[in-house]
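The values are calculated or read from the model by the stated rules, or taken from the named source; none is laboratory data. What you are looking at is a predicted structure, and each value in this text was computed from that prediction instead of being measured. So basically every Cβ, Gly included, is an ideal-geometry build from the backbone, and we count neighbours across all protein chains shown. When the accessible area is computed, the model is the full protein with side chains, heavy atoms only, and any ligands, DNA or RNA have been set aside. Shrake-Rupley method; radii C 1.70, N 1.55, O 1.52, S 1.80 Å.
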Amino acid sequence: MKKRDKLLVKICVGTSCFVQGGADLLLYNDFLNPELLDRFEFEGCSCLEACKAVNDADVESKPPFVMINGKLHGNMNSDKLNKLLSDEI
Amino acid sequence: MLDMNNQYTRIKSRVYTMVLKSFFNGTLEEDIDKIPFLIIPKDTDPIRCCIYKERAMIRYRIMAFMGVNIEKDDDEMKPLSEYYREIMHKSIPSAPVITTISTACSSCPHDQYLISDACRGCLARPCYVNCPKNAISFANGKAHINAELCIRCGKCMDVCPFHSVLHIPVPCEAACPVDAIKKNNKGVAIIDYTKCISCGKCTRSCPFGAIVERSGLFSALKLLQGKDKVVAMIAPAIDGQFPGNLGQIKQSLLQAGFDEVVEVSEGANITAIKEAAEVVERIEGGEDYMTTSCCPSYMELVNRHLPFLKEKRSTTLSPMGYIASMVKEKDPTCKTVFIGPCLAKRIEGVRLNTVDAVITFSELAALFMAKNIDVREVEASDMGDTTSFEDCREFAVSEGVAGCVVHRLQEGVTLRPMYINGLDAKTFRGMKIWPKRAPVANLVEVMVCEGGCINGPGTIVSPKLALKLRGGKATAPAKAVRS
Ligand code: FES
């Protein structure tokens, strides 16, 4: 697969996300299934502005945020990322 | 210890940010009693019994954040706004730095070993054979542990081929290296402050968030509001805790209202120079070993539990001690705020009269969030000439302190260092016998947090990632870090 065929995973490293669990997602090399690593391209990105609209009744609206192929996902953790990425392929 | 980014730490950071936002708005006094309702709205799915208890817990977190000694000063009839007024108008003692929320404590059953259904009552019965107290008997083809006889040595668990022995610990008690946590007659955890060394391990181990640190942030906020110049003293461990480099962290602090930022590593350079001279002098004078003195929790350990080490520990001040006097010497009217990963530093801060407030990285993170400062986006500020002390940023990592001392020895002198990398009950027992069996070393570096300060209770990112973000130039081998 050529590099540009890979789907893009943006891990938000804005301060809100980073300090509320986003930092740990940067260890994706360690926790993702190895086969997923080849299929996606990862990058840290600036604040996605989603942290400005947290709704306390909805956990999914809370940091840390990750954008997978243009779609925003909140309340991210390593297990969830593994699952979402596996669903994507 | 719990994984750092669990539900509880997220709630905490939510509480902190919300309180601070309203503080900077100037509306905290009106808002503060509403915050528990805003964070736990009506339609929330409660984790505990009901939303009312959840809200009560938020109330306690707000109190701890303001620095209230909950154990001592909890008054359920008193509105938060009144606590807030009090906090803003008088200064409260910072010790003890750790307090318990008794209603949050789930009164975990005593530490115990149990035989599960997986037991097959095998022929070899290694559990029975290896139990030093004859606490194991057999009934209905399965092993059974007599709790009265069991001394919780764990031997049966180690030898069972079916992994059928369960160990159910009390997380706070297990985390405490010095046995300072006990239960009262209702089974609620209480801290014995005569034993506590303020290491903060319990605050990070309770899955119910029932043991909390009393934040020092409000003391710092009061200083920032005052007219005096406020100097932020950033601990060596800060590198890797925020998304950005040191220059950007400095700039963010300036934007947050600090007037000047200094690196504690500059003080660490003096600590290392003096310890290098002191250790040589001591060895020449016939002493067998000297320990470092920069870890404040270790200093408490010596004061409270290992008095024989009083004459073995270096008399040098900690990096915080030196940098704070340097800052105050330059400008005696300014106020100093130490920003680090450590709770015990607040105890040390009280002892020194040069440190005006101590806050943690997670509190600073809340401050940045409340002020909408995005560390990664700000223009890096110049750190000045750091060449003389740059290597002392390694004070934050196990083996880094001894490394810096060794680099500052006169030529021709060699030392044999030894490292206490993290204190737990077992290491503590080992240290107790040092008067009889001295460590085979002449410089003993002691860090109560495993891996060093980068694993302190006030940190934000896991030590593994922190090391990576620090550029991997750590002198500590990977083993120093829990993965
Ligand atoms: S910091 Fe991630 S969305 Fe704002």
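Consider only pairs whose beta carbons are under 7 Å apart and that are at least six residues apart or on different chains; among these, list those whose first residue lies in the range B:26-50 and is away from chain A (no Cβ under 14 Å) and whose second residue is part of a helix (DSSP H, G or I) and surrounded by fewer than 16 Cβ atoms within 10 Å (Cβ to Cβ).
B:E29/B:S81; B:E29/B:R85; B:I32/B:S81; B:D33/B:S81
Quick one: in the range A:30-55, of everything that is facing another protein chain (nearest Cβ under 9 Å) and outside any loop (DSSP other than H, G, I, E, B), which residue is nearest to the ligand (Cβ to nearest atom)?
Per the criteria, the residue is A:C51.
Condition check ((1) within 13 Å of chain A (Cβ to nearest Cβ); (2) open to solvent by 20 Å² or more (accessible area, probe 1.4 Å); (3) modelled with pLDDT of 90 or more) across all residues:
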| site | (1), (2), (3) |
| --- | --- |
| B:G430 | no, yes, yes |
| B:R437 | no, yes, yes |
| B:V440 | no, yes, yes |
| B:K473 | no, yes, no |
| B:V481 | yes, yes, no |
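From A:V66, A:V59, A:V54, grab the single residue that is in contact (Cβ under 8 Å) with a residue 12 or more places away in the chain, within 28 Å of B:L38 (Cα to Cα) and buried (at least 16 other Cβ atoms within 10 Å of the Cβ).
Going through A:V66, A:V59, A:V54 in turn, the sole match is A:V66.
In the range B:343-366, is there at least one residue being open to solvent by 10 Å² or more (accessible area, probe 1.4 Å) and within 14 Å of another protein chain (Cβ to nearest Cβ)?
Taking every residue of the range B:343-366 in turn, at least one turns out to be open to solvent by 10 Å² or more (accessible area, probe 1.4 Å) and within 14 Å of another protein chain (Cβ to nearest Cβ).
Suppose we keep only residues that are of a type in the set (A, V, I, L, M, F, W, C) and surrounded by fewer than 19 Cβ atoms within 10 Å (Cβ to Cβ) within the range A:1-25. Which one would you say is nearest to the ligand (Cβ to nearest atom)?
A:L8
Under 30 Å from B:D374 (Cα atoms) and part of a helix (DSSP H, G or I): does that describe B:E266?
Judged against the criteria, B:E266 is a match.
For the range B:452-471, give me the residue count where each residue is facing chain A (nearest Cβ under 8 Å) and either within 18 Å of B:S215 (Cβ to Cβ) or open to solvent by less than 20 Å² (accessible area, probe 1.4 Å) (or both).
Adding up the residues that qualify gives 3.
Scan the range A:1-29 residue by residue and report those that are more than 18 Å from B:S13 (Cα to Cα) and assigned to a strand (DSSP E or B).
Across the range A:1-29, the qualifying residues are A:L7, A:L8, A:V9, A:K10, A:I11.
Is one or more of the residues making up the range B:9-30 within 23 Å of A:V59 (Cβ to Cβ), out of contact with any helix residue (DSSP H, G or I) (no Cβ under 8 Å at 6 or more places or on another chain), modelled with pLDDT of 90 or more and charged (D, E, K, R)?
no
Matching residues to (1) touching a His at 6+ places or on another chain (Cβ under 6 Å); (2) closer than 22 Å to B:L467 by Cβ; (3) open to solvent by 10 Å² or more (accessible area, probe 1.4 Å); (4) within 14 Å of another protein chain (Cβ to nearest Cβ):
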site: B:A370; (1), (2), (3), (4): no, no, yes, yes
site: B:V375; (1), (2), (3), (4): no, yes, no, yes
site: B:S388; (1), (2), (3), (4): no, no, yes, no
site: B:A396; (1), (2), (3), (4): no, yes, no, no
site: B:E399; (1), (2), (3), (4): no, yes, yes, no
site: B:C404; (1), (2), (3), (4): no, yes, no, no
site: B:V413; (1), (2), (3), (4): no, no, yes, no
site: B:L423; (1), (2), (3), (4): no, yes, no, no
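Those residues that are open to solvent by less than 60 Å² (accessible area, probe 1.4 Å) and touching a strand residue (DSSP E or B) at 6+ places or on another chain (Cβ under 9 Å), I need them from the range B:86-108; list them, please.
B:S94, B:P96, B:V97, B:I98, B:T99, B:T100, B:I101, B:A104, B:C105, B:S107, B:C108
If we only count helices (runs of 4 or more DSSP H) wholly inside the range B:40-140, which ones have 1 or more residues that are among the acidic types (D, E)?
Passing ranges, in order: B:51-66, B:70-73, B:80-89.
Based on what the data block shows, is B:V280 out of contact with any Leu (no Cβ under 6 Å at 6 or more places or on another chain) and either open to solvent by 10 Å² or more (accessible area, probe 1.4 Å) or without any contact (Cβ under 8 Å) to a residue 24 or more places away in the chain (or both)?
So B:V280 fits the description; yes.
Name every residue in the range B:115-163 that is among the aromatic types (F, W, Y) and open to solvent by 70 Å² or more (accessible area, probe 1.4 Å), in order of residue number.
B:Y128, B:F162
For the range B:316-394, give me every one of the helices (runs of 4 or more DSSP H) that falls completely inside it and has 1 or more residues that are farther than 29 Å from B:M447 by Cα, out of contact with any helix residue (DSSP H, G or I) (no Cβ under 7 Å at 6 or more places or on another chain) and without any contact (Cβ under 8 Å) to a residue 12 or more places away in the chain.
B:319-330
For the range B:74-85: of the residues being under 15 Å from B:F23 (Cα atoms) and among the charged types (D, E, K, R), which is least open to solvent (accessible area, probe 1.4 Å)?
If we take residues in the range B:74-85 being under 15 Å from B:F23 (Cα atoms) and among the charged types (D, E, K, R), then B:E82 is least open to solvent (accessible area, probe 1.4 Å).
Return a yes/no flag: does the range A:56-78 have any residue that is part of a helix (DSSP H, G or I), more than 16 Å from the ligand (Cβ to nearest atom) and either more than 22 Å from B:D374 (Cβ to Cβ) or within 11 Å of chain B (Cβ to nearest Cβ) (or both).
The answer is yes, given that some residue of the range A:56-78 is part of a helix (DSSP H, G or I), more than 16 Å from the ligand (Cβ to nearest atom) and either more than 22 Å from B:D374 (Cβ to Cβ) or within 11 Å of chain B (Cβ to nearest Cβ) (or both).
Give the range B:349-400 a look and list any residue that's over 23 Å from B:I273 (Cα atoms) and under 18 Å from the mean Cα position of the chain (by Cα), or say none.
Listed by number, the residues that qualify are B:V350, B:A357, B:V358, B:I359, B:T360, B:F361, B:S362, B:E363, B:L364, B:A365, B:A366.
Within the range B:62-69, does at least one residue satisfy the condition of being within 11 Å of chain A (Cβ to nearest Cβ), open to solvent by less than 40 Å² (accessible area, probe 1.4 Å) and within 23 Å of the chain's Cα centre (by Cα)?
no
A:L26 is checked against (1) in contact (Cβ under 8 Å) with a residue 24 or more places away in the chain; (2) within 9 Å of another protein chain (Cβ to nearest Cβ) and fails just one. What number does that condition carry?
All conditions pass for A:L26, except number (1).
Which members of the range B:182-202 meet the condition of being over 16 Å from B:I347 (Cα atoms) and crowded, with 22+ Cβ neighbours inside 10 Å?
Listed by number, the residues that qualify are B:A189, B:C202.
Taking the residues in the range B:215-242 that are open to solvent by 10 Å² or more (accessible area, probe 1.4 Å) and outside any helix (DSSP H, G or I) as candidates, determine which candidate is nearest to B:A466 (Cα to Cα).
Only one residue fits best here, namely B:D239.
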